[in-house]
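Right, one structure below, let's go through it.
Rule-based calculations on the coordinates, nothing more; no lab input. None of these values were measured; they are calculated from a predicted model. Reconstructed Cβ throughout: ideal geometry from the backbone, glycine too, with neighbour counts over all protein chains shown.
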Amino acid sequence: MALDGPKTSGFTAVGTTPNRPDGLDKVTGRAKFGADAQAPGMLHAAIVRSPHAHARIVSIDTSKAEALKGVKTVVTRADFTTGLKGENWNILENVMAGDTALYDGHAVAAVAAISPLIARDAIKLVEVEYQVLPHVTNVDAAMAQDAPIIREGAANKSVPAGLHPNVVRYHESGHGDVDKGFAAADLVIEDHFTTEATHQGYIEPHACLAQLGGDGKGELWCCTQGHWNVQKICAALVGIETSQLRVTASEIGGGFGGKTVVFIEPVALALSRKANRPVKLVMNRSEVFRASGPTSSTSMDVKIGMKNDGTITAASGTFRLQGGAFPGAPMEFTAMCAFAPYALENVRQVGYDVMTNRPKQAAYRAPGSPMAAFAVESVIDELCKELGLDPIQTRLKNASHEGTKASFGPKFDKIGLVETLEAAKAHPHFTAPLGENQGRGVSCGFWFNHSGETSVTLALSEDGSAQIVVGTPDIGGSRASMALMAAEELGIPYENIRCTIADTASLGYNEVSHGSRVTYASGLATIAAARDAVKRLCGRAAAKWGIDEEAVVWEDGCAKPSGPNAGDFDPLPLAEITRTMGATGGPINGHFEATPEGAGVSFATHIVDAEVDPETGKTSIVRYTVVQDAGKAIHPAYVEGQFQGGAAQGIGWALNEEYIYGEDGRLQNDLFLDYRIPVASDLPMIDTVIVEVPNPGHPYGVRGVGETSICPPLAAIANAVSAAAGVRLHDLPMSPPRIRAALDAQKDG
Amino acid sequence: MVEVNLWSGLRALAGGQDKVEIEANTVGEVLAGLVAKYPGLQDAIDAGVSVAVDGRIIAFGLTEEVKPDSEVYLLQRLKGG
């Protein structure tokens with residue numbers, strides 16, 4: 001789609017805040033989520049999971065389970081395709097273990113029965129003989145020379161010689177001469193930081209209903225962020241043609257990246273094929289924690305040199321991420337995002353992807369970036385404090401802007417970091433007085449954003465209303481944004497437009513709803529499809545008036561002659577054209593299929609006030625302000641919701657959330673009772689400031705907003721807590737015991 | 001000829017260089033040219049790369065235009081959550 005530059009003014013629908021179209025369904029219980037799918041003759045499934053962190057599977061005896069009344073079938077790895085390679089092999093190995101159980105909770109078999117209760121009873125009758133192997137769950141321990149090897153030969157060619165086989169990928173980038181830069185600094189600080197794995201914590205557990213016949217044709221209903229991806233992967237894992245599997249995405253109760261992959265869907269399909277019945281499979285919360293994908297845990301070293309005036313002279317970072325028992329920890333994003341907010345002459349970043357006996361990590365909002373910001377922005381905070389510098393002024397002095405050579409290589413296009421810093425500096429929060437035991441923290445954050453393959457159809461009805469069909473599951477109110485953009489182009493009311501998420505048989509390919517791409521890419525496609533429809537509407541008007549199509553313009557929902565020379569005709573409203581469209585050339589639709597490549601990167605600046613109880617170590621977040629560049633806010637209330645959601649999840653990640661493993665390598669806190677996510681009473685009202693620096697790659701200037709908001713919180717909160725406690729916190733979560741320990745250590749000197 | 005910047009981790013696979021010159025008019029030709037000149041880069045490119053052309057990060061588009069004076073960076077394939 002060729003762009004003449006984003007439209008920046010004169011909006012009528014865009015920028016308003018109507019109710020979301022799915023709101024009533026969701027608050028009245030009408031919305032259908034993954035576990036709501038039903039089919040006649042449906043069976044219920046349950047999965048046998050490894051109780052060991054690392055064990056060779058000696059044998060699996062399913063005979064007792066199969067003999068239980070009501071059990072219809074059992075599957076093991078033998079019921080899946082063989083000969084897969086690359087990531088498909090990794091996914092299959094994760095979905096159903098082969099020779100070895102690689103983590104606590106790894107699937108080893110599954111049962112389908114006539115009731116959920118019988119299925120759960122039956123899995124206890126599946127006899128698995130294990131040979132327990134040494135395990136490792138900590139990223140640094142997994143890199144040590146004496147660490148048990150998770151899988152020989154998993155490393156790719158990027159890994160330098162001499163590293164442990166658990167190091168499977170390596171990244172190095174940067175420019176300039178960091179040694180020279182550090183030598184030019186007045187102060188150099190180097191520090192070590194760690195973060196624990198956290199879960200996306202979506203409300204809705206993974207759920208699906210599968211139906212697959214012996215003829216290789218199937219249907220699948222599931223909660224997912226991307227059903228074309230589910231279709232592709234599942235078809236490969238059960239060995240059928242992609243086009244023979246129709247996948248429908250349900251409403252989704254949160255994803256945050258954790259539903260961009262598959263965990264149970266291929267298992268349900270394999271059971272269905274074997275039983276010749278539909279099979280429903282729903283994870284419980286414990287299974288979600290143990291066997292879906294949390295984010296990586298990290299071990300990081302960051303070194304930054306600064307002049308007395310605040311100029312950064314050099315920066316380097318080493319980022320070690322464990323991604324569970326498979327390659328894929330997003331260490332390259334950690335490395336590339338780490339120093340992106342700053343214009344640096346000398347910078348170097350190194351990343352290690354490390355395997356451990358933990359579940360296969362999955363994406364979590366801006367995968368890898370929040371941890372990087374935690375380490376980097378903590379060191380900048382330390383430097384500012386040592387040198388007596390203002391934290392926002394120092395960041396402004398070094399801020400990346402249009403034309404800056406990014407720390408990861410290319411020059412930035414138009415970006416809005418400086419604008420977020422200026423807005424934060426001007427916000428009353430930044431200069432408000434603090435109370436006793438309170439501290440203030442500031443941080444910047446960066447995320448790339450993504451584009452991806454996108455198809456959209458827009459169909460006009462005889463009554464002048466419109467339906468948009470998109471293929472990107474709505475994970476953040478995107479149907480409202482699509483309807484607003486179509487309303488803007490067509491000139492009809494928002495309420496007259498219905499946006500639907502199509503299944504895989506009803507629309508062309510769509511990439512997953514990830515990378516903050518939906519409002520950007522599906523939005524761009526919706527605008528283009530609407531313009532396509534408008535072109536046809538103008539054509540019908542031209543035909544009616546007997547003038548050239550080029551002599552007709554579309555304004556305020558009507559076809560009009562482009563000027564006096566085009567003729568004197570009354571404006572022709574959309575509904576008048578569509579009322580007779582069947583007789584004037586047929587239905588009027590608009591289409592767009594492409595891979596737009598202009599997703600603009602995004603920056604944010606957060607300000608946080610924290611209060612630490614020195615007796616108990618408990619932290620309360622007392623004030624929080626998010627300032628972020630949205631490019632253009634299509635539905636400002638939902639943009640604010642994304643900002644606040646990122647901050648809320650960041651508060652949990654920073655203060656309480658963590659995967660806790662025992663000496664036996666088993667997860668000890670696999671329920672929300674023990675895995676402490678923030679609840680409403682843990683959160684302050686989160687203030688938001690929407691900065692709008694238009695993205696040149698979108699017709700209205702949209703940038704993705706869903707992920708950048710989780711990049712600064714870990715660091716901003718750590719800086720606030722460290723200021724309140726009077727001691728630097730290096731390890732997340734900053735739970736009360738950790739803060740007490742830091743205070744005690746400081747007291748003991 | 002287009003100057004293509006590689007991330008430092010690829011140096012070992014490209015004869016010790018992190019800047020290489022390729023005859024190319026499109027992103028697809030850049031990638032094909034890199035593999036033709038340095039077969040060791042095949043795996044990294046197959047694993048997924050994005051290409052930044054004059055600051056615009058192209059995740060998929062092999063037909064996107066590249067000019068002789070374009071700033072071209074090879075990046076690891078971007079994805080998100």
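Brief remarks on what is shown
- Per-bin percent of Cα-Cα distances, segment A:204-249 [5 Å]: 5, 25, 36, 23, 8, 3, 0
- Calculated diffusion of chain A, Stokes-Einstein form, Kirkwood radius summed over Cα pairs, 10 °C and 1.306 mPa s, µm²/s: 58 µm²/s
- Two-site label geometry, A:GLU152 and A:ILE677: point separation in nm, points 7 Å out along Cα→Cβ: 4.2 nm
- Estimated at 0.36 nm per residue, the fully extended path between A:HIS192 and A:ALA594 surpasses their Cα-Cα distance by 140.3 nm.
- Other residues with beta-carbon under 9 Å from the beta-carbon of A:LEU732 carry, at +1 per Lys or Arg and -1 per Asp or Glu, a net charge of -3.
- Alpha carbon centroid spacing (whole Å) that separates segment B:30-44 from segment A:77-93: 27 Å
- When the charge dipole of segment A:597-669 is built from unit charges on Cβ atoms (+1 for Lys and Arg, -1 for Asp and Glu) and taken about the Cα centre, the candidate among A:GLY665, A:VAL622, A:VAL601 whose Cα reaches farthest toward its positive end is A:VAL601.
- For chain B: relative contact order, % (alpha-carbon pairs under 8 angstrom, 6 or more apart): 37 percent
- Centroid-to-centroid separation of segment A:671-749 and segment A:521-545 [C-alpha atoms, Å]: 45 Å
- For segment A:178-258, the relative contact order is 30 percent, taking Cα pairs closer than 8 Å that sit 6 or more residues apart in sequence and dividing their mean separation by the residue count.
- Exposure proxy shown here: for A:VAL627, A:VAL469, the number of other Cβ atoms within 10 Å sets the order, fewest to most, as A:VAL469, A:VAL627.
- Long pairs among A:LYS85/A:LYS217; A:LYS307/A:LYS425; A:LYS232/B:LYS79; A:LYS274/B:LYS79; A:LYS217/A:LYS274; A:LYS535/B:LYS79, criterion Cα-Cα beyond 25 Å: A:LYS274/B:LYS79; A:LYS535/B:LYS79
- Size of electric dipole in segment A:246-302: Cβ of Lys, Arg +1 and of Asp, Glu -1, about Cα centre, debye, nearest 20: 460 debye
- Extension gain, A:GLN244 to A:THR28, is 74.3 nm, computed as 0.36 nm per intervening residue step minus the present C-alpha separation.
- For segment B:2-76, the convex hull drawn through the C-alpha positions has a volume of 72 cubic angstrom per residue.
- Counting, for every residue in A:168-178, the Cβ atoms of other protein chains within 10 Å of its Cβ and taking the mean gives 3.
- Spin-label pair A:GLU87/A:THR12, simplified geometry with 7 Å Cα→Cβ offset, distance in nm: 4.3 nm
- Dipole magnitude of segment A:168-298 about its Cα centre (Cβ charges: Lys, Arg +1; Asp, Glu -1), debye to nearest 20: 1060 debye
- Distance from segment B:47-61 to segment A:251-270 (C-alpha centre basis), Å: 28 Å
- Computed [θ] at 222 nm, deg cm²/dmol, chain A (DSSP H ≥ 4; -39,500 (n - 2.57); rounded to nearest 500): -8000 deg cm²/dmol
- Packing-based exposure ordering (other Cβ within 10 Å, fewest first) of A:CYS222, A:CYS234: A:CYS222, A:CYS234
- Note on A:CYS538, A:CYS208: ascending count of other Cβ atoms within 10 Å places them as A:CYS538, A:CYS208, the fewest first.
- Segment B:2-76 - charge dipole about Cα centre, Lys and Arg +1 at Cβ, Asp and Glu -1, debye rounded to 20: 200 debye
- Full extension of the chain segment joining A:SER506 with A:THR580 gains 24.0 nm, where the gain is 0.36 nm per residue of separation less the Cα-Cα distance.
- Put simply, when A:25-32, A:245-252 are sorted by average Cβ atoms within 10 angstrom per residue, most first, you get A:245-252, A:25-32.
- Partner aspartates and glutamates whose Cα lies under 17 Å from the Cα of A:LYS618, excluding those fewer than 8 positions away in the same chain, are identified as A:GLU436, A:ASP609, A:GLU657, A:GLU658, A:ASP674, A:ASP682, A:ASP731, A:ASP744.
- Calculated P(r) of segment A:153-205 - Cα pairs past 15 Å, %: 73 percent
- Relative contact order of chain A, defined on C-alpha pairs under 8 angstrom at six or more residues apart (%): 16 percent
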